[in-house]
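Down below is the structure, laid out as structure tokens.
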Amino acid sequence: MSPRLITARVLTLTFGYLFIIAAIIVIALIPAIPVWYPVGAGIVAVIVYAWAWWLIGRRVRSFGYLERDEDLLVVSGILIRRLVVVPYGRMQIVDLTSGPLDRWLGISTVQLHTAAATTDASIPGLLPDQAAALRDRLAARGEQRSAGM
Amino acid sequence: MAVRVIPPLYLGFLVIGIDFGDVVALPGFVVAGLVAIAASAFVAGINALAWLKLRYYFDDDGDLRVDSGLLQRQARRLQLSRLQSVDAVSPLVARLFGFVELRVEVAGTGDSRVVLRYLRKPDAAALQQEILTRHEALIDGDTTDAVKVPALVPGVPSVEHTDVLATVPTGRLLGSLILRTTTMTLFVLTVVFVTITVLAQGWAALGLALITGGIPILAIIREFFTYSNFTVARGRQGLRLRFGLLQTQSRSVPPGRVQAVELIAPLLWRRFNWVRVQLTVAGTQGEGQQQGSTVLLPVAPREHAMRVVSEVMPGFDLDDVQWTPAPDRARLRAWVQWRFLAFAVTARFIVTRSGRITRRIAFAPHERVQSVRLSEGPWQRRLGLATVSFDVAPGPVEVVAWHVDIGIARPLVNDQEQRMLATHRLH
């Protein structure tokens, strides 16, 4: 996975944090509230932020996929580890998505859909060329082996 | 013909009626009643006109066309080659006058069905027959292997069921609904709350008792009305289900479209050896329920249930299944249900077992499994356990093997994948 995915997720996290910081500043400005309230909240926020940053790095690095002869393996997660096996013949749609932030950073996500809604196989943080190539390969293999339902 | 009036409208009439009561020197409620009757007549008139405008015919391409609507005309066109089901439903009022509602469903996404509201029974039967005949002619016409025609789903209402497989006696249905775990829990809670109320001589718990007592009663009534007179019969193209007290529904289950099956046995049912059978059927809109959800039998003795199940899943025999139970250490992760957790792999099916109070056995043929997932939570990893999920088409049935020994889980994922591929090549 591209390290840009870490950047994307950290940016999203930071953006969320702007609101929390704003809220803490507002609280600090109210004279009736003891000063250690916002200070304490600020310290907790900084610790959680650092921890989340570290977690994002690990989580992004945990993503992996393997194209085997007949199926695709996707692994992800650190706390809860997941492994998904999708035979090419069962793939119905291969999606390539990238949001505004992703586009700015130049990454995209490849997501597989089968007839089961619970199939959760997405590969985030791919470079656009790499992602497009993967999508085309998967789609081609899916078509070859398609047996529908 | 049934009259449909939107209830909130009446409320408006009531208010108007009471207001006018002062002007016309009649008691308010009389005016309100008169206005309501007039409104009902008006709506009935509109409905009647709309009904007279309902047209259906087969066009040159062999598609079924349905034109409806009074002011806003609606023209629907249904490709009979994609037919999924033709179901006849008779709501109470309509039934009194010998009318039926015909629901025609074709494969596709979104609003892929047309409801022909209120046809005379013979007309409905004739139309249904015509649709089925035309559909069959279409499938026979082009049997190239590229065409994947969904299996046909007839539900002829007026034809006698010659081959009834199972029925559900009213008493058993009612008993089973009362003996359900949620019902019993709520009733026990109600008793507790009422006792508290009496002992404390306060009213605090009575409100709660109304809720805990009321919900199960409503649920029982609703399900009782829905599943009364349940009949499972063998039709030409699969099983035919008919049920309903006030509103008779008929539904068809072509064996080829059943994705997964679940047998559910709540605690208090087991004394009677009862189970409920639930199916995930591809491409059906569950009536006001979950997508793809079909109750094959609301309650039946296990042997009867298995006989019916073998109709939709030929070759499945629960006695043949060699269970691999979850290891003892799973108790540390699932301390209630660990003893019942197990999975089994047969030549054609993947079977899983879970639950302690309400026991569930779920299974799906290998070729219906779309993907396999293995997941390990932190606590599971420490115990060397993993959960393996077999993803099937959306519906009520989940085939999940909980807390499998990691040494067994990994090969299970790999082998399952091999089996999925193997069954694939057969087609």
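Assorted remarks:
- Only Lys, Arg, Asp and Glu carry charge here, each on its Cβ (+1 for the first two, -1 for the last two); on that basis the protein assembly as shown has a dipole of about 1360 debye about its Cα centre.
- Peptides A:47-53, B:376-382 ranked from most to least packed give B:376-382, A:47-53, packing being the mean of other C-beta atoms within 10 angstrom over each peptide's residues.
- For segment A:64-145, the dipole from Cβ point charges (+1 on Lys and Arg, -1 on Asp and Glu) about the Cα centre works out to 140 debye, to the nearest 20.
- Remark on B:Ser252: its backbone amide H falls under 5 Å from those of B:Leu241, a criterion applied only to residues 5 or more positions apart or on other chains, H modelled at 1.01 Å from N.
- Distance cut-off 30 Å, percentage of C-alpha pairs in segment B:246-426 lying past it: 18
- Taking amide H as placed 1.01 Å from N in the peptide plane, the amide H of B:Ser228 sits under 5 Å from that of B:Gly244, B:Leu245, each at least 5 places away or on another chain.
- Footprinting exposure proxy for B:Met420, B:Met306, B:Met313 (fewest neighbouring C-beta atoms within 10 Å first): B:Met306, B:Met313, B:Met420
- Alpha-carbon radius of gyration plus Dmax, which is the widest Cα pair, for the protein assembly as shown in Å: 29.5, 87
- Nearest-0.05 FRET efficiency for B:Leu246 and B:Asp163, computed from C-beta distance (R0 22 Å): 0.25
- For residues of A:89-97, the mean tally of beta carbons on other chains within 10 Å: 2
- Loop-located trypsin sites (Lys or Arg not before Pro) in segment A:1-66 (DSSP state not H, G, I, E or B) with no more than 11 neighbouring Cβ atoms inside 10 Å do not occur.
- Proportion of all alpha-carbon pairs of segment A:4-61 beyond 17 Å (%): 45
- Sequence ranges B:196-202, B:228-234, A:132-138, ranked by mean other-Cβ count within 10 angstrom, highest first: B:228-234, A:132-138, B:196-202
- Alpha-carbon Rg with Dmax, taken over segment A:26-149, Å: 20.9, 70
- Segment B:309-392, Rg to Rh (Cα coordinates; Rh as Kirkwood inverse mean 1/r): 0.99
- In order through segment B:73-82: 3J(HN,Hα) via Karplus (6.51 cos²θ - 1.76 cosθ + 1.60), integer Hz, x for Gly, Pro: 6, 10, 10, 10, 9, 10, 7, 6, 5, 9
- Helix A:4-29 axis, angle to chain A major axis (alpha carbon atoms, nearest 10°): 20
- Shown for segment A:9-99 is the translational diffusion coefficient from the Stokes-Einstein equation, using the Kirkwood radius over Cα pairs, a temperature of 10 °C and a viscosity of 1.306 mPa s: 95 µm²/s.
We did not get these values from a lab; they are worked out from the coordinates using the rules stated. Predicted model, so just to flag it, every value in this text is computed and none were measured. We place every Cβ from the backbone using ideal geometry, glycine too, and count neighbours over all the protein chains shown.
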